[in-house]
Structure formats: C-alpha cells, structure tokens
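The values are calculated or read from the model by the stated rules, or taken from the named source; none is laboratory data. Nothing here was measured: the structure is a model prediction, and the numbers come from that model. Cβ atoms come from the backbone with ideal geometry, glycine included; neighbour counts cover every protein chain shown. These area figures cover heavy atoms from the full protein model, side chains too; ligands, DNA and RNA do not enter into them. Shrake-Rupley method; radii C 1.70, N 1.55, O 1.52, S 1.80 Å.
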Amino acid sequence: MSERLGTEKTRWKNNVREFGILIAFVAIVAVLMIISPDAFAQPKNLIGIVKQASINGILACGMMFVILSDGIDLSVGSTVALAGVMAAHFAHPDTYPVIIPILMGILVGLAVGLLNGIGVAFGGIPPFIITLATMTAVRGVALIASGGSPVYNLSDTFNGIASGFIPGTIVPILAVYFLLIILFSGFILTKTVFGRRIYTIGGNEVAAKVSGINVKRMRLSVYAISGVLAGFAGVLLASRTISGSPTAGQSYELDAIAAVIIGGVSMSGGAGKWYGTLIGALLLAVLANGLDILNVSSNYQMVIKGAIIAIAVLVDIRGKSRNE
C-alpha cells in the first residue's frame, strides 16, 4: 500500500514538473494581458513575439537533440552569423536561383555541425570545449568573409523567404517553419529508432554501447542536425533582416539552451519532451517582450533570464536526485 502511494506521489510530482512550464507560460501571458492589454495584446506585438520565438525555437530544436544525448552546442549563434553571411553573398539579384543561397547557408551549418561532431565523437574532446572553440573560430570566419560589414543588396525573392505571411492570414511564415521543424523533431524522437537511441545514449552511454548502438555515429548525427538547423536559422534571419551580418546571432546559443532546459529537457541528457522546447521558446519570447513593454532595461533582463535558467537547472537536478 505504502509503495503504491509512493509511486502515485512520484507520478504526481512528475506531472506537476512536466506541465509546470505550461502553467508558467499561461500565467505570464495572463499577467501581461492584465497589466498592459493595449500594448501586449495587439496583433502586431503578438506577431513580433511569434517571429522572435520561431528563430530561437528552430535553434532550440537542434539544441534539444544535442542535450538529450548529454552534449552541448555553444556554436549555434556564430553558425547563424556565418550561414547568413554566406547566404547573403549568393542572394544578390540576378545572380543565382533562390535555392542556392538557402543551400549555402544550410551547408555551412552542416559543416560546422560535422566539425563539432567529429571532435566530440572521434576526438574525445568535451562538447563544451570543442563547441566553444568553433563558436570563436566561426565568428571569425564570418567577419573575414564579410569584411566586417553586413552584406546587403539581396534579391526580393530571398527577402521574402522569412518576411511573408500565410496568404489570407496574419500567421507569419516563420511560425510555419518552426512548427514543421518542432513537429518533425517530435516525430523523430518519439516514433523512430533513431530518437529512442538518442534518449538511451543520454541516459546511459555504457548501456547504449552494450546494447549495440553506435554511439560515435549517433553523436556525430545530433551535432550535424544542430548545425543544419542553425544554418537554416541563419538563412531565415538574413532574409528577415534583409542582410547577412557577421555580428548576428550573438547570445543566441544561450537562448536556445534556455528554451530547451526551461522546457524540461534534462541537462544531463536522456529525459525531456519535445513539446517542452516549443513552450520554452514561446515563454522566453513572451517574457522578453513583456519586460520590454514594462521598460525593464536589457541589463536587468539578462539577470532575470539567468535566474530563470538557474532555477530550471536546479529543478532538473533535484528531480533527478529524487528519482535516483
């Protein structure tokens, strides 16, 4: 009887923790609706929130694969910048079809992701170190490739990739990209052998090796996924801002990590739901927008964001300790 009660209590706590992020999101939205309905609830403001959450959310999807496998990728912000610069170089009017700059951005992201994956899986370099190194190096390459200045004069077709809306609606096309990517990520993680192996590796690498999983190949794959999505996010950001800037994407890696861990994915890997990342990205965008509306300075916003991340990690650590 006591064992049954203990199991029910643990299940109830896990449910509260799993849906806590959704409760927090609804609470923040409700508070902002009450405090500042004239500013927060305006369609233009809500569309801006969705656009901001979409770029960060696409990065967070890639980060989710990496963190679930017990890794980290600090290079995604720099990859966004380099991919945007390279895409912009091939997006001038009357030069190449629009598919070329898109592919160039994605290929740049793939190259960075493979470099990270090779370093982690085959070089035995800790993820934090190798991705910190590529974060610095890739930012430098972006500055060299652009001459230190944004690349302008992009074609209207390229600029329309991320700036439009679904015909007849006020839904930004950026939200569609994010929704498709998060749904596809959820499908991979929950319905495929590849996804289950990512959870296994993150939960217990030794057990994964014993069960015959090629851990090195899997680690290479998750960093490649993160790189590809960072490259695509760079293309979208260049399209949205009508330029490829070498300074774009600064601190984006922290926002992506924050969205993932606030969404409930364990920093030590092996646990977490894909839809938590969706809510985490939306919550961060709503929070940032709300703080802007309330005229909270960017310095205090960084403090608040850091505190939220610390609380999310603390909850993760305490939850894992109880389960053990």
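Annotations for the structure displayed:
- Unmet criterion (only one of (1) of a type in the set (A, V, I, L, M, F, W, C); (2) within 26 Å of A312 (Cα to Cα); (3) open to solvent by less than 50 Å² (accessible area, probe 1.4 Å)) for L22: (3)
- I188, sole failed condition from (1) at pLDDT below 95; (2) open to solvent by 10 Å² or more (accessible area, probe 1.4 Å); (3) hydrophobic (A, V, I, L, M, F, W, C): (1)
- Applying the condition of being modelled with pLDDT under 95 and either outside any helix (DSSP H, G or I) or among the hydrophobic types (A, V, I, L, M, F, W, C) (or both) to the range 50-65 and asking which residue is surrounded by the fewest Cβ atoms within 10 Å (Cβ to Cβ) yields V50.
- Residue list for the range 253-293, filter: surrounded by 20 or more Cβ atoms within 10 Å (Cβ to Cβ), over 19 Å from L22 (Cβ atoms) and over 11 Å from the mean Cα position of the chain (by Cα): G269, G270
- Answer residue from the range 199-225, given it is small (G, A, S) and under 24 Å from the mean Cα position of the chain (by Cα) and is surrounded by the fewest Cβ atoms within 10 Å (Cβ to Cβ) among those: G203
- Across the range 96-128, the qualifying residues are those that are outside any helix (DSSP H, G or I) and either among the aliphatic types (A, V, I, L, M) or in contact (Cβ under 8 Å) with a residue 40 or more places away in the chain (or both), and the one among them that is nearest to A248 (Cα to Cα) is V98.
- In summary, helices (runs of 4 or more DSSP H) completely within the range 250-324 and bearing 1 or more residues that are in contact (Cβ under 8 Å) with a residue 24 or more places away in the chain, more than 28 Å from T136 (Cα to Cα) and among the hydroxyl-bearing types (S, T, Y) occur at 274-293.
- Selection count where residues are open to solvent by less than 80 Å² (accessible area, probe 1.4 Å) and either at positive phi or out of contact with any helix residue (DSSP H, G or I) (no Cβ under 8 Å at 6 or more places or on another chain) (or both), scope the range 32-43: 2
Table: residues versus (1) touching a strand residue (DSSP E or B) at 6+ places or on another chain (Cβ under 8 Å); (2) open to solvent by 60 Å² or more (accessible area, probe 1.4 Å); (3) within 30 Å of D316 (Cβ to Cβ).
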position	(1), (2), (3)
I67	no, no, yes
V85	yes, no, no
G119	no, no, yes
G123	no, no, yes
G140	no, no, no
G160	no, no, no
P167	no, yes, no
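- Per the listing V235, V228, the residue uniquely at pLDDT 95 or above and open to solvent by less than 20 Å² (accessible area, probe 1.4 Å) is V235.
- Condition met for G113 (crowded, with 24+ Cβ neighbours inside 10 Å, farther than 17 Å from G244 by Cβ and in contact with a Phe, Trp or Tyr (Cβ under 6 Å, 6 or more places away or on another chain)): yes
- The residues of the range 169-183 that are open to solvent by 50 Å² or more (accessible area, probe 1.4 Å), assigned to a helix (DSSP H, G or I) and without any contact (Cβ under 8 Å) to a residue 40 or more places away in the chain, listed by number, are L179, L180, L183.
- Screening the range 68-89 for residues that are of a type in the set (S, T, Y) and in a loop (DSSP other than H, G, I, E, B) and picking the one that is nearest to A133 (Cα to Cα) gives S75.
- Only one of the listed residues (G186, G212, G202) is small (G, A, S), more than 30 Å from I100 (Cβ to Cβ) and not in a helix (DSSP H, G or I). That residue is G212.
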